[in-house]
Amino acid sequence: MDNNKDNSKFCSCDTKFQAFPLMNFSHSYPSSDIFSTTGKLEFRDRFDHFLARMGIDRMNHVVKPGLYKLGDPDKTSDIIVSANYKLSFDSVRDSLQHIDCYILVLDTKGINVWCAAGKGTFGTDELVKRIRLAELTKRVEHRRLIVPQLGAPGISAHEVFNRSGFKVEYGPIKASDLPEYLNERKTTPEMRKVKFPLKDRLILIPIELSHLLLPTIVLTLILYFFAGPLASLAVITTVLAGTVLFPTLLPFIPTSDFTTKGFILGIIVAIPFSILYLTDPNTSPGASILGSIIPLLIIPSVTAYITLNFTGATPLTSKSGVKKEIYRYIPILAFMGGAGIILLLLLGTLSFLEVI
Amino acid sequence: MFNSYLENTLEYYPENCINCHRCIQVCPHNVFTEGNDHVKLTNPTSCIECGACAQNCPNEAIKVEAGVGCAWAMIRAALKGKEMDSGECGCDDDGKSCC
Ligand code: SF4
Ligand code: SF4
């Protein structure tokens, strides 16, 4: 769009500071800053989304908090509340391309609505503060705000009303349902139900992978030199099972618990390694048996641990349930993993000493 | 077996409910549904303890120990010797797609 030479932190968003000469305004006109934006996403917006998804420069995908006009809103136009995470803000403006409205961006420290609501930064205090700072009472005649439903854990609608006079209406979970919502003025049960479709699950893969990249490379190399290429392939397989297979197949894997789902996947991918070690003609019977037990102990315990840690990235798990999973399974996983590592070291030592 | 999500901390006191439907509007898992004099707690086991209903109930008809169901944050808290419930969400963003 325009040559936005703002500072680097906000460079990628389409916001242009509107230089209103203050003296032109009558007394009642708000004097606070207001930004303009468009409903059109540019290439660099999409590139920024890509970087955010890849986990690159994670905390810098931010938008300046404050009030934005989209199109040409007037005193009756709707005000839609969003977070200052670029992906959140862009999904709102993208879905409202041809609608004149305001977007009130809360300062959530660059975090999306759901996570920020859980932390409380997308919260009652911040909303009331932004209503005041943006001087909304002077800009619009009505007293309604549309807040995304996933922001509700941080917002207390009646408290916002008592403190600001604005009535919170909860809009749809997905920004793409906003136009329909604005027509109908109510959300359908379908719109209100959080879903976790394949696309949303796949989008998490790069970030999950990036968390595990370094330990994976280190372990792959170590095992390559000390235990051979098959062992380093097992490391890569384990990590891919936990980070790629698991989110892809999530709804189809039996059992409800994330740990047991991951454990099942782990067993499935461990079996081929177990068989390969067992049937390896170049090793002694003792080494073959030890070698075939080790993957069955280590791989499932690691995939199960990775998938348990996936709980936080889904909108599906309660804290009570996750806690129960931790207490139930972590001791078993630790025991299995520990036993596997001890056997691995034993096998290494015995082979080195040429005992087996 | 293998379902740790059958119990949670959600408590509903229908006698306090003024049937305003706020909880129905905010719940992302359709835990509450419409009823005659008060809303019905239809799917209690689907609750993920996000706390939205309790935060927005104007008449204290709902109680829940709200928190984030994130194993990583809890394990990290436990390793640091803190309460598992300390509530700190460890990651700064997991790129979850919401608006
Ligand atoms: S928000 Fe509270 S008062 Fe309103 S319907 Fe739900 S339980 Fe009843
Ligand atoms: S805590 Fe969240 S998931 Fe549970 S009933 Fe309330 S709104 Fe629904």
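The values are calculated or read from the model by the stated rules, or taken from the named source; none is laboratory data. Keep in mind it's a predicted model, so treat the numbers as computed, not measured. Cβ sites come from the backbone with ideal geometry, for glycine too, and all protein chains shown count toward neighbours. Quick note on the areas: whole protein, heavy atoms, side chains included, nothing else; ligands and nucleic acids left out. Shrake-Rupley method; radii C 1.70, N 1.55, O 1.52, S 1.80 Å.
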Exercise. Quick one: what pairs do we get from the stretch A:263-291, first residue in a loop (DSSP other than H, G, I, E, B), second surrounded by 19 or more Cβ atoms within 10 Å (Cβ to Cβ) and modelled with pLDDT under 95, C-beta under 7 Å, 6+ apart or different chains?
Worked result: A:THR283/A:GLY291
For this session: Being open to solvent by 20 Å² or more (accessible area, probe 1.4 Å), more than 10 Å from ligand 1 (Cβ to nearest atom) and at pLDDT 95 or above narrows it down to one of B:VAL64, B:VAL68, so name that one.
Result: B:VAL64
For this session: Run down A:ALA339, A:ALA287, A:ALA334, A:ALA270 and say which single residue is open to solvent by less than 10 Å² (accessible area, probe 1.4 Å) and aliphatic (A, V, I, L, M).
Result: A:ALA270
Exercise. In the stretch B:41-53, is there at least one residue being touching a helix residue (DSSP H, G or I) at 6+ places or on another chain (Cβ under 7 Å), more than 10 Å from ligand 2 (Cβ to nearest atom) and not β-branched (Val, Ile, Thr)?
Worked result: no
Seminar exercise, completed: With criteria (1) open to solvent by less than 50 Å² (accessible area, probe 1.4 Å); (2) in a helix (DSSP H, G or I), A:VAL218 comes up short on (1)
Seminar exercise, completed: Selection from the stretch A:90-119 of residues aromatic (Phe, Trp, Tyr) and more than 9 Å from chain B (Cβ to nearest Cβ) yields A:TYR102
Exercise. Which number in (1) surrounded by fewer than 20 Cβ atoms within 10 Å (Cβ to Cβ); (2) hydroxyl-bearing (Ser, Thr, Tyr); (3) within 14 Å of chain B (Cβ to nearest Cβ) marks the one condition that A:THR137 misses?
Worked result: (3)
Seminar exercise, completed: Screening B:ASP85, B:ASP94 for residues that are open to solvent by less than 20 Å² (accessible area, probe 1.4 Å), modelled with pLDDT under 95 and not aliphatic (A, V, I, L, M) leaves only B:ASP94
Problem set entry | Counted residues, the stretch B:1-40 - those being under 13 Å from the mean Cα position of the chain (by Cα) and either open to solvent by less than 70 Å² (accessible area, probe 1.4 Å) or near ligand 2 (Cβ under 8 Å from one of its atoms) (or both) | 14
Exercise. Which residue out of A:ASP177, A:ASP125, A:ASP200 is under 25 Å from the mean Cα position of the chain (by Cα) and under 30 Å from A:VAL239 (Cα atoms)?
Worked result: A:ASP200
Seminar exercise, completed: Expected single match for open to solvent by 10 Å² or more (accessible area, probe 1.4 Å), at pLDDT 95 or above and more than 14 Å from chain B (Cβ to nearest Cβ) among A:LYS129, A:LYS167 is A:LYS129
For this session: Might you let me know whether the stretch A:271-293 holds any residue that is aromatic (Phe, Trp, Tyr) and within 30 Å of B:CYS50 (Cβ to Cβ)?
Result: no
Exercise. Failed condition for A:PHE122, given (1) open to solvent by 30 Å² or more (accessible area, probe 1.4 Å); (2) at pLDDT 95 or above; (3) within 13 Å of another protein chain (Cβ to nearest Cβ); (4) not in a strand (DSSP E or B), with all others met?
Worked result: (1)
Exercise. Regarding B:ASN59, is this residue within 11 Å of another protein chain (Cβ to nearest Cβ), surrounded by fewer than 17 Cβ atoms within 10 Å (Cβ to Cβ) and within 12 Å of ligand 2 (Cβ to nearest atom)?
Worked result: no
For this session: Could you tell me whether the stretch A:71-80 includes any residue that is open to solvent by less than 10 Å² (accessible area, probe 1.4 Å), of a type in the set (A, V, I, L, M) and outside any strand (DSSP E or B)?
Result: no
Problem set entry | Test for A:PHE47: is it outside any loop (DSSP other than H, G, I, E, B), open to solvent by less than 50 Å² (accessible area, probe 1.4 Å) and at pLDDT 80 or above | no
For this session: For B:PRO44, state whether it is surrounded by fewer than 22 Cβ atoms within 10 Å (Cβ to Cβ) and not β-branched (Val, Ile, Thr).
Result: yes
Problem set entry | Subset of the stretch A:245-259 (residues that are open to solvent by 50 Å² or more (accessible area, probe 1.4 Å) and assigned to a helix (DSSP H, G or I)) | A:LEU245, A:LEU249, A:PRO251, A:PHE252
Exercise. Got at least one residue in the stretch B:23-42 being modelled with pLDDT of 95 or more, away from ligand 1 (no atom under 15 Å from the Cβ), over 20 Å from A:ALA116 (Cα atoms) and facing another protein chain (nearest Cβ under 9 Å)?
Worked result: no
Exercise. Only one of (1) in contact (Cβ under 8 Å) with a residue 60 or more places away in the chain; (2) under 19 Å from B:ALA52 (Cα atoms) fails for A:LYS138. Which number is that?
Worked result: (2)
